[in-house]
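K.L.:
Sharing a structure here in structure tokens format.
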Amino acid sequence: MTVASLVAAPEKEKSPSKESPGQRMLQSAYSHLDDAAERLGLSPGLHQRLRTCERSLTVGLPILNDEGDIEVYTGYRVQHTNVRGPCKGGVRYHADVSLEEVTALAQLMTWKCAVLNLPYGGAKGGICVSPNTLSENELRRLTRRYTYAIMPIIGPKKDIPAPDVNTDERTMAWMSDTYSAFHGEATHEIVTGKPLILGGSQGRAGATGLGVAIIAESTLKRNNLPIKEATVVVQGFGKVGYWAAYYLAQDGCKVIAVSDISGGYYNPNGINVETLFKFTRTSPTRTLEGCQDEFGVEPISNEELLALPCDVLIPAAMENQITSRNADQIRTKFIVEGANGPTSADADQILADRGIVVVPDILANGGGVTVSYFEWVQGLQAFPWEIEVVDKNLRHFLDIAFRQVYDFSERNNVNLRQGAFMLGISRVAEAIVQRGIFP
Ligand code: NAD
């Protein structure tokens, strides 16, 4: 059986009519898939199989709040496909979480895992909640109830959750404990991104940022540009942005501007990233607000930051930061996407026309899920790795993925985003063909 021989009339999913953020995200995920499917010449049946999630679960989550009253939240877990291995993906707590958003992110996880050649399919979960309105006890009860509600479909060989927006290793510890309690045995490998003491991996905290830095350096090298003194601008100073800036600065790049929710901070001679990070740890808002008074950096707006001339621009904050509104003002050579979906489709086109190379999220921020995979392997083998082993393997996986995406894109005369999607999607399609369609 070949990919093209799997024909069945596809019933196109309805396009979402109202444009909520989740629906926009889902539309964008579908458009990347549709474009790649056409370029790859996938049969309509196979294309439709890839468009459709294997399982979507919506759960009602009643909890008792601290006053003893009942509050009910809605949660989701979507599994896009397990064709290449168990499903893998984060759990986010956010007021914007919707079935559409989680579905889009589950699909993107499938392609990301395939690009990195990890033996996983994609999943994503979340609860529609503003977590900062809940006490720690309420959050713990909500997390345990959510874990209980999705328990029928998760498992260390079925679907392995991880942290995402507004969840962290504490959330994973609660999920692991709840799952283990119900199964009567310690099953820490049910989640990744756990505390080290519960089987977490060395290097997981900074893995996504380190991965972004490795991919940025590979991009410079591939284009015969020196890493030392390359100028770098980073939007977002959280788990991804800070570590990306930290590792690039360590390797001799000049980080000339960083930003967070409080605004941007610029010094053309270079910023001491670690010092600024220490500042955020002790500042009352836990942000960069006020750092200009102590560290000789000039405050600028986030719009100005994105338009600074530099060699590498790393959007590592939110989705949809570079759009048709500002794409013609961007003055970098390379955009390396630390965040998920920071560049809109119309901006992609404008940037391409202006000769700016975009290294897409499904390659550039894949370091996090790669070290999650290492954590899962360590858990299954009950054999923890030293940090040197984690770093060496991370570099190995990212080097291969980078080279494959670049070579594939050049061979097929497409941009890196198109190439990454085509490569990831073709691997999943090939796995479906090899397995055949049940029954
Ligand atoms: P985070 O919450 O740790 O950090 C986000 C940062 O962005 C913060 O510094 C925040 O102040 C800043 N920010 C928010 N709004 C901003 C704005 N309008 N302008 C400038 N800065 C703003 O989150 P994170 O884990 O670093 O995730 C960032 C992005 O990377 C998200 O898109 C996430 O989905 C993606 N991502 C994260 C990981 C991971 O392992 N953490 C892995 C893959 C992708």
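The values are calculated or read from the model by the stated rules, or taken from the named source; none is laboratory data. These figures come from a predicted structure and were not determined experimentally. Neighbour counts are summed over all protein chains in view; Cβ atoms, including those assigned to glycine, are modelled from backbone coordinates with ideal geometry. Heads up: the accessible areas ignore ligands, DNA and RNA and are worked out on the full protein's heavy atoms, side chains in. Shrake-Rupley method; radii C 1.70, N 1.55, O 1.52, S 1.80 Å.
K.L.:
Per the 1.4 Å probe, what fraction of the accessible area of the chain, in percent, lies on carbon and sulfur atoms?
P.N.:
Numbers: 9610 of 18910 Å².
Roughly 51 percent of what the probe reaches on the chain is carbon or sulfur.
K.L.:
Students often check this: by mean Cβ neighbours within 10 Å, which of 244-253, 311-320, 57-66, 106-115 ranks highest, and how do the rest follow? Please list the in-between numbers first.
P.N.:
Values: 244-253: 21.4, 311-320: 24.0, 57-66: 14.6, 106-115: 28.0.
The packing order, highest mean first, is 106-115, 311-320, 244-253, 57-66.
K.L.:
To the nearest Å, what is the center-to-center distance of the stretch 33-81 and the stretch 120-178, using C-alpha atoms only?
P.N.:
The stretch 33-81 and the stretch 120-178 have Cα centres spaced 15 Å from each other.
K.L.:
Still on this model: Pull up all non-local amide H partners of GLN235: gap of 5 or more, or a different chain, and H-to-H distance under 5 Å with H placed in the peptide plane.
P.N.:
Under 5 Å from the amide H of GLN235: ILE314, ALA316.
K.L.:
Multiplying the sequence separation of GLN27 and THR323 by 0.36 nm and subtracting their Cα-Cα distance, what value in nm do you get?
P.N.:
Values: separation 296, 0.36 × 296 = 106.56 nm, distance 1.56 nm.
Full extension of this stretch gives 105.0 nm more.
K.L.:
Arrange the peptides 329-342, 123-136 so that the one whose residues have, on average, the most other Cβ atoms within 10 Å appears first.
P.N.:
On the way: 329-342: 22.9, 123-136: 19.5.
Final packing ranking: 329-342, 123-136.
K.L.:
Another one. Going by a ≥ b ≥ c, the root eigenvalues of the Cα gyration tensor, does the stretch 207-364 fall in the rounded group (a/c under 1.5), the prolate group (a/b larger than b/c) or the oblate group? Show your work: numbers first, answer last.
P.N.:
Working: a/c = 1.63, a/b = 1.35, b/c = 1.21.
Here the stretch 207-364 falls in the prolate category.
K.L.:
Placing +1 at every Lys and Arg Cβ and -1 at every Asp and Glu Cβ, with all other atoms neutral, what dipole size does the chain have around its Cα centre, in debye to the nearest 20?
P.N.:
Values: 42 positive and 50 negative charges, 258 e Å.
Using only the charged Cβ atoms, the result is roughly 1240 debye.
K.L.:
Which shape class, rounded, prolate or oblate, goes with the stretch 309-361 when its Cα gyration tensor gives a ≥ b ≥ c as root eigenvalues, a/c under 1.5 marks rounded, and past that a/b bigger than b/c marks prolate?
P.N.:
Details: a/c = 1.55, a/b = 1.14, b/c = 1.36.
Verdict is oblate for the stretch 309-361.
K.L.:
If amide H atoms are built 1.01 Å from N in the plane of the peptide, which residues on other chains or at least 5 residues away come under 5 Å of the amide H of HIS94?
P.N.:
ILE127, VAL129
K.L.:
So, one more: Within the stretch 190-286, report the trypsin sites (Lys or Arg not before Pro) that DSSP leaves as loop and that have at most 15 other Cβ atoms within 10 Å. Don't skip to the end; give the middle numbers.
P.N.:
Details: sites: ARG204, LYS221, ARG222, LYS228, LYS239, LYS254, LYS278, ARG281, ARG286; in loops: ARG204, LYS228, LYS239, ARG286.
Here the sparse-neighbourhood loop sites are LYS228, ARG286.
K.L.:
May I pose another question? Which order do LEU40, LEU33 take by accessible area at a 1.4 Å probe, largest first? Please report the intermediate quantities before stating the final value.
P.N.:
Values: LEU40 55, LEU33 0 Å².
Descending accessible area places them as LEU40, LEU33.
K.L.:
Of GLN250, ILE314, GLY263, which is farthest along the charge dipole of the stretch 207-364 in the positive direction, counting Lys and Arg as +1 and Asp and Glu as -1 at C-beta?
P.N.:
Toward the positive end, the furthest listed residue is GLN250.
K.L.:
Shape of the stretch 397-439 from its Cα gyration tensor (a ≥ b ≥ c, root eigenvalues): rounded if a/c is under 1.5, otherwise prolate when a/b > b/c, or oblate? Mind dumping the intermediate values first?
P.N.:
Details: a/c = 3.54, a/b = 2.08, b/c = 1.71.
Prolate shape, in that a/c is at least 1.5 and a/b is the bigger ratio.
K.L.:
Still on this structure, I have one more. I'd like the Karplus ³J(HN,Hα) series for the stretch 72-83: coefficients 6.51, -1.76, 1.60, θ = phi - 60°, whole numbers in Hz, and an x wherever there's a Gly or Pro.
P.N.:
Values, residue by residue: 10, 10, 10, x, 9, 9, 10, 10, 6, 7, 10, 5 Hz.
K.L.:
Sticking with this structure for a sec: To the nearest 0.05, what FRET efficiency results for GLU229 and TYR148 with a Förster distance of 51 Å applied to their C-beta separation? Walk me through the numbers on the way to the answer.
P.N.:
Numbers: r = 53 Å, r/R0 = 1.05.
With a Förster radius of 51 Å, E is 0.45.
K.L.:
Which peptide among 408-421, 255-268 comes first, and what is the full order, when sorted by highest mean count of other Cβ atoms within 10 Å? Each step should come with its number before you reach the end.
P.N.:
Details: 408-421: 18.6, 255-268: 21.2.
Ranking the peptides 408-421, 255-268 by packing returns 255-268, 408-421.
K.L.:
For the chain, take every pair of Cα atoms, bin their distances at 20 Å starting from 0, and report each bin as a whole percent.
P.N.:
26, 59, 15, 0
K.L.:
Whole number in Å², please: accessible area per residue of the chain, 1.4 Å probe, ligands, DNA and RNA not counted. Numbers along the way, then the final one.
P.N.:
Values: 18910 Å² over 439 residues.
Solvent-accessible surface per residue comes out at 43 Å².
K.L.:
Non-local amide H neighbours of VAL255 (under 5 Å, H modeled in plane, Pro and chain starts lacking H): which ones?
P.N.:
So VAL255 has HN proximity to VAL232, ILE271.
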